[in-house]
């Protein structure tokens, strides 16, 4: 596990049109690398994703899980933070429980780019030898995790829904397969670090406390070949008024909602409950919701106080995203719909009949259901 | 433009409900479920075909899969790919993304030159989404994940739009490069009868581990850093109170439940 591998690569990479028979060289290099001496690898790492100087919430969620794992392994938690001018974020990470923040700052790291980030992190892994490394299962986090795991020759599991330490002290990673129909346990017995990605909303973030950790600045190796890929523009959409993972109430519609006029009922119910609107893939395909409102295995995981699913059949790909909701109410005209296996309250009815009355009754209600009750979490 | 599209034939999702988990052996019983090209595989292939149509060149389609996946590659040839490569060997079975990416990289290394590799963002079954980036790493080329638009290829660089949670990014990447694509990138074409006929005379190579110069320890279960342990069915049942009957009455029950939730 040394840097010689990367210097072999830099010779003929990125020369347009040149033959690429270096994979042979890489393979030889990989196989000659001895398996790591596991005892030398210590510490639980988290990659903190930040954007425009703001920490992504998922970074704090992973930090919380890392502390849980660290207790069991009697190890320290270190957070890896890359960027430019992000020292205040490092302080935040310490407040949320990091024992150490490895801070790598450089103008070229201001925006995420695969190769510069992969190089800084791989170098750090090789030097510091962490036992476990968690990254967000976001677009950028997954991209980075995959590249780094390949570079440092280790295993990586995706979208873990649970993490724990088993009797042998190994990281036990639980992941969905076949759309979540089955859950599989993944281990990385002989390679280090044991790497895993986790999607936002799967774990809970902890409380901020006064903590005495330290920030350690790390040197940044910049190679010209890493900079040939350029981020030209970054476009951010408007954040929805109610981000569904932050709402106490989520009303979701599915394939059973026939048309746009019917969809309005979903929106009206959400509005009267001061909640957020979510959905499954069919409404996304229709354009009634946007990608960040889709709930399920390839969308968001939410844990609201109240989830109401309308015209949703309840396929596994969707329900994995709502299983931790406090109360699940399902409205579907098909009594055999799978959603009723996951609901606390099942309403077998044509939603059109129910919703018009429900919304009217709720609007009339002057009680504590509306307004200040169904608020966003702080 | 020499384009390689990597696909992963996987058991047909329409038949996933018939996948059984043997409670004793913990093995997944998936016999009899045919493998299909996933929607992202088809989109990767479609994008390759469009780029070839615009800039000239050829499209090779490649899969590391059991022998039965030959049919899936023939389908890809019928869609318009020029050559097929089936990497198949018992020794590949049980490969995780690391080992799979290694095998694909060796096969592509066998080609000589290439300009662009296109993969779906994630496969139907494993859905890790990792092979694209890992393959790019083994080939030491840059990659772009979750591309939904290939805007321009000129002067040896590729301009793409790719998705992030808060919006999207526009990247410029020197070739050769690898991209993974998502649903929004295109709508795949249907295969024509002519395409099916032409597919029969297109080359379809089968390569084994020894053809690729890979030894068994590097691949399959042995060569995979991650190992699958326990497989189990998720427990997600709740005791549902079921309502039916008069809408008016049901609504009162629903409101009661809502109050309970928000209390």
Would you mind checking the radius of gyration and Dmax of region A:118-182 based on alpha-carbon positions, in Å?
13.0, 40
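Cα-based Rg of region A:293-359 per 2.2 N^0.38 Å, rounded to two decimals?
Taking N as the residue count of region A:293-359, the ratio is 1.05.
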Give the dimensionless ratio obtained when the Cα radius of gyration of chain B is divided by 2.2 N^0.38 Å.
1.21
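If you take the C-alpha gyration tensor of the protein assembly as shown, multiply each eigenvalue by 5 and take the square root, what semi-axes do you get, largest first, in whole Å? Don't skip to the end; give the middle numbers.
Values: eigenvalues 325, 187, 110 Å².
They are 40, 31, 23 Å, listed from largest to smallest.
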Between the modelled labels at residue A:57 and residue B:50 (7 Å from Cα along Cα→Cβ) the distance in nm is 3.4 nm
Exposure proxy ranking, count of Cβ atoms within 10 Å, fewest first, for A:126, B:226
A:126, B:226
Rounded to whole angstrom, the alpha-carbon centroid of region B:84-155 lies from that of region B:175-190 at a distance of 13 Å
Using only Cα atoms, find the angle between the long axis of helix A:114-128 and the longest principal axis of chain A, and express it within 0 to 90 degrees, rounded to the nearest 10.
60 degrees
Note on region A:140-285: C-alpha Rg/Rh, Kirkwood Rh, two decimals, gives 1.06
State the dimensionless ratio Rg/Rh of region A:71-185 (Rg: radius of gyration of Cα atoms; Rh: Kirkwood radius).
0.98
Using a Förster distance of 56 Å, how high is the FRET efficiency between residue B:192 and residue B:239, based on the Cβ-Cβ distance and rounded to 0.05?
0.60
What do you get for the angle between helix B:39-55 and the principal long axis of chain B? Use alpha-carbon atoms, 0 to 90 degrees, nearest ten.
40 degrees
Hey, what number do you get for chain A at 222 nm if only DSSP H runs of n ≥ 4 count, each worth -39500 (n - 2.57), divided across all residues, to the nearest 500?
-9000 deg cm²/dmol
Can you work out D for region A:229-291 in µm² s⁻¹ from Stokes-Einstein, where Rh is the Kirkwood radius over C-alpha pairs, the temperature is 10 °C and the viscosity is 1.306 mPa s?
123 µm²/s
Students often get this wrong: which residues of region B:225-242 have the backbone nitrogen under 14 Å from the point 7 angstrom along Cα-to-C-beta of residue A:365?
none
Relative to chain B, whose Cα atoms define the longest principal axis, helix B:97-111 and its Cα axis are tilted in degrees, nearest 10, by 20 degrees
Restricting the count to DSSP beta bridges whose residues both fall in chain B, what percent are antiparallel, rounded to a multiple of 5?
40 percent
Once both label points are put 7 Å beyond Cα along the C-beta direction, the residue B:206-residue B:249 separation in nm becomes 6.6 nm
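What is the fewest-to-most order of A:307, B:55 by other Cβ atoms lying within 10 Å of their Cβ?
Exposure proxy ranking, most exposed first: B:55, A:307.
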Compute and list, largest first, the equivalent-ellipsoid semi-axes of region A:35-227 from the alpha carbon gyration tensor, each √(5λ) rounded to a whole angstrom.
24, 19, 17
Exposure proxy check on B:163, B:87: fewest-to-most Cβ neighbours within 10 Å is B:163, B:87
Using all Cα-Cα distances in region A:244-364, what percent lands in each 5 angstrom bin from 0 up to the longest?
2, 13, 25, 28, 22, 9, 1, 0
D (Stokes-Einstein, µm²/s), Kirkwood Cα radius, chain A, 0.692 mPa s at 37 °C
144 µm²/s
Please express the Cα-Cα pair-distance distribution P(r) of region A:177-219 as a list of whole percents, one per 5 Å bin, running from 0 to the bin with the greatest distance.
5, 11, 10, 16, 19, 19, 9, 6, 5
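Based on the Cα atoms of region B:27-181, what semi-axes does the equivalent ellipsoid have, where each is the square root of 5 times one gyration tensor eigenvalue, given in whole Å with the largest first?
25, 17, 16
All of the numbers you see were taken from the coordinates with simple rules; none came from a lab. It should be emphasised that the depicted structure is a prediction, and the values quoted were computed from it without experimental measurement. So basically every Cβ, Gly included, is an ideal-geometry build from the backbone, and we count neighbours across all protein chains shown.
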